[in-house]
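The values are calculated or read from the model by the stated rules, or taken from the named source; none is laboratory data. It should be emphasised that the depicted structure is a prediction, and the values quoted were computed from it without experimental measurement. Here the Cβ positions follow ideal geometry from the backbone for every residue, glycine too, while neighbour counts run over all protein chains shown. What goes into the accessible areas is simple: the full protein's heavy atoms, side chains included, and nothing from ligands, DNA or RNA. Shrake-Rupley method; radii C 1.70, N 1.55, O 1.52, S 1.80 Å.
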Amino acid sequence: RRLVKGLYGMAEEFSSLEAELLDAARAGNEEYIVALLKDVGKLHHLWQPNGIQRAAIDKAAQEVLGRKREEGEVDDMRETSVGSTKTGERERLLKGYMVSSVNEWGADQTRILLLTNQAIHRVKFDFHRDKVVKWHTDRFDEILRVEYGNFQAASSSLTTMFLRHEIEDQQGFRIFTVKRDGKPSINDIVAEERAGKAQDSLTPMEYFREYRALLAESEPWKEEVFMLEFIAALQAVKVLRKAKFEVRLAKVGQSR
């Protein structure tokens with residue numbers, strides 16, 4: 001059962017965390033941001049991985065942030081237009097999360113989400129073989145906006161139809177970019193055809209990927225806790241890097 005206090009009541013509990021994270025960001029103190037997100041003293045009751053998850057996150061971070069770049073991956077040493085990132089500045093992991101990522105077809109996929117001082121990486125990890133399969137990167141200069149809050153599952157979602165109990169609303173966040181994330185879905189194709197017929201060249205296509213807390217169906221309050229923690233951390237990184245993307249609360253009941 002979802003907590004009665006709702007989104008705004010729980011958000012109030014995270015106000016002190018967000019304030020501390022923003023203060024650390026303004027001071028350029030990445031060490032303190034990492035320490036706050038570890039929540040060693042459990043002051044904010046933040047999400048922390050179990051042993052197996054931690055090992056997978058560490059291995060994913062080592063490969064993604066290291067020099068083992070797959071074809072088409074960007075170099076973490078490049079100069080970017082975001083904030084004060086300079087050539088030679090190494091990308092650093094701030095925190096890794098286990099998430100449920102909703103793909104372009106509406107299916108939930110277990111993924112690792114790495115929040116760094118330069119980008120957000122979504123990693124597919126094979127726990128049986130203990131290895132990274134592939135990853136996708138959204139650098140901060142490629143993100144249009146991030147929306148968070150309540151989202152209704154689409155009626156055509158494979159997840160809603162086959163994998164989850166029917167849920168009135170789900171809480172998480174969506175990362176919007178101008179580049180396609182994954183293969184085009186039927187909805188994407190229809191939208192692109194409509195845009196082409198309208199010849200609206202001033203309104204570029206945008207795409208998003210949705211994220212929620214992993215395995216929170218039986219305890220939906222975890223979705224709120226995870227969402228608010230990640231948004232607070234993202235707001236801090238936005239200040240730290242002087243990123244231009246917007247972070248905003250979504251309209252309640254918004255659907256895919």
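Filtering the range 55-110 to residues that are at pLDDT below 50, open to solvent by less than 20 Å² (accessible area, probe 1.4 Å) and on the phi > 0 side of the Ramachandran plot leaves nothing. Scanning the range 164-176 turns up no residue that is at pLDDT below 90, of a type in the set (V, I, T), open to solvent by 60 Å² or more (accessible area, probe 1.4 Å) and out of contact with any Cys (no Cβ under 6 Å at 6 or more places or on another chain).
Any residue at all in the range 184-194 that's in a loop (DSSP other than H, G, I, E, B), at pLDDT below 65 and open to solvent by 70 Å² or more (accessible area, probe 1.4 Å)? Within the range 184-194 (the criterion being in a loop (DSSP other than H, G, I, E, B), at pLDDT below 65 and open to solvent by 70 Å² or more (accessible area, probe 1.4 Å)), the answer is no, since none of the residues qualifies. Filtered by the rule that a residue be open to solvent by 90 Å² or more (accessible area, probe 1.4 Å) and either in contact with a Ser or Thr (Cβ under 6 Å, 6 or more places away or on another chain) or of a type in the set (V, I, T) (or both), the range 23-54 gives V40, I52.
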